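Here's the structure, in structure tokens; my notes come after.
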Amino acid sequence: MGLCEDGFASTPEMTKRDLVWVTHKLHIHVNCYPSWGDIVQVTNWLYESGKTGLRSDSIVSNIKTGEILVLASRGLVMMNKKTRKVSKFIEEAKEEIRPHLMPNCSPIVEDVRNFSQVDFDKTEYIHTDLKV
């Protein structure tokens, strides 16, 4: 997609203006983890979102069974690398990534719960010994 022009997530036009994509919101729902030897497929949809950014939705599924393993939704905004301020989604960058944008028909319904509402002391599924 041309989103790694200078080692950051940016298009050639964004690089000229010191702009990069940064994640400002992330929601991941893991139905189950893949097992050793599983082959997974990642399907991604990219949408324009407001005046400042993009939304990227992904589904990770098991190739053999078709089972959906992970649903993820990310909010991305343009940020100026020097000032660290959010920038409007410039028209030149829109043109560079327009071929990759989908109509806004996401297969993922965004979960609006705030993570601060989760009571981690009562959560049953916290694992601190996981190795990547």
*With respect to Leu19, determine if the residue is crowded, with 18+ Cβ neighbours inside 10 Å, at pLDDT 90 or above and over 19 Å from Pro103 (Cα atoms).*
no
Residues in the range 11-23 that are part of a strand (DSSP E or B) and touching a residue at least 60 places away in the same chain (Cβ under 8 Å) total 2
Of the residues in the range 73-90 that are surrounded by fewer than 18 Cβ atoms within 10 Å (Cβ to Cβ) and out of contact with any helix residue (DSSP H, G or I) (no Cβ under 9 Å at 6 or more places or on another chain), the one that is nearest to Leu54 (Cα to Cα) is Lys88
For the range 93-113, pairs from a residue that is under 30 Å from Asp18 (Cα atoms) to a residue that is at pLDDT below 80 and not basic (Lys, Arg), with Cβ under 6 Å and 6 or more apart or across chains, are His100/Met1
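State which residue is surrounded by the most Cβ atoms within 10 Å (Cβ to Cβ) when the search covers only the range 27-69 and only residues that are farther than 19 Å from Met102 by Cβ and of a type in the set (A, V, I, L, M, F, W, C).
Going residue by residue through the range 27-69, those that are farther than 19 Å from Met102 by Cβ are 28-40, 62-67, 69.
Now restrict to residues that are of a type in the set (A, V, I, L, M, F, W, C): 28, 30, 32, 36, 39-40, 63, 69.
Values: Ile28: 12, Val30: 11, Cys32: 10, Trp36: 4, Ile39: 8, Val40: 13, Ile63: 10, Leu69: 19.
If we take residues in the range 27-69 being farther than 19 Å from Met102 by Cβ and of a type in the set (A, V, I, L, M, F, W, C), then Leu69 is surrounded by the most Cβ atoms within 10 Å (Cβ to Cβ).
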Within the range 34-58, restricting to residues that are at pLDDT 90 or above and part of a strand (DSSP E or B), the one that is farthest from Met14 (Cα to Cα) is Val40
Output for Cβ contacts, cut-off 6 Å, separation at least six or different chains, first residue over 16 Å from Ser58 (Cβ atoms) in the range 35-47, second among the β-branched types (Val, Ile, Thr) and in a loop (DSSP other than H, G, I, E, B), reads Ile39/Ile63
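The values are calculated or read from the model by the stated rules, or taken from the named source; none is laboratory data. Bear in mind that the values here come from a model prediction, so they are computed numbers and not experimental data. Quick reminder, even Gly has a Cβ in these numbers, built from the backbone with ideal geometry, and neighbours come from all protein chains shown.
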